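Notes to accompany the following structure.
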Amino acid sequence: MKLLLLADLHNRVDGLERIAGGHDAVLLAGDIANFGGLEQVRRILSVLEEHCPVILGVSGNCDPSGVAELLEDRGALLDGKVVEHQNLCFAGISGTEPAAFNREKEYPNSPFRKALQKIKPASKPSLPLVFVSHQPAFNTSVDRFAQGQHTGSRAIRVFIEETEPILAVSGHIHEAVSQDKIGRTILVNPGPFKNGFYATAEINGTCVDIRFKSL
């Protein structure tokens, strides 16, 4: 399966038609909008639908509530859900929680914790899991500001450690374009598409090949 990985579009449509074709699914890791602009989000989703059979994703901190509704109407919203497609399970969580910044007490009070616990029994142990979130896992290359601070979610990190997805896609930190690992899980921040960054993932069984690209 070949996946197109997109994050932080912030209403950018230009260039999508050039990269969306030839993929089995598009994964959207949030911030499709830019604090509004639902008409532009509709255009983004329409362009992707024209070129790719499956769209799955979550909303981000810059997305108004209407973005989640647009994804839900298309059967594309992964927030708190598990979707099975081509012998893979896809799950995700929308939004962000307060930045960890090394605070040890962040995880027990995480607003993500309850939703992530519901995902576990819904996934199938026999099928590889792909996880999509806007906020990245804590203390990785994909959650690091340019100044070196880590601003990811401890709850997401614990979820990944416990469920071991083969791939975890996130965005949110625009300067943290990179690939990392937690155990056997490959972490990817494809970079902000608003600046032309994106990535692809080719999955063969449990093998994942990541390619970073730009327009």
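Any read-out appearing in this document is the output of simple, stated calculations on the displayed coordinates, not a laboratory observation. What you see is a predicted model, and the numbers here were worked out from it, not measured in a lab.
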Exercise. What percent does the relative contact order of the chain come to when contacts are Cα pairs within less than 8 Å and at least six residues apart?
Worked result: 21
Exercise. Under Stokes-Einstein, with the Kirkwood radius over Cα pairs standing in for Rh, what whole-number D in µm²/s applies to the range 2-214 at 25 °C and 0.890 mPa s?
Worked result: 147
For this session: Among DSSP beta bridges whose residues both lie in the range 73-215, state the antiparallel percentage, nearest 5.
Result: 60
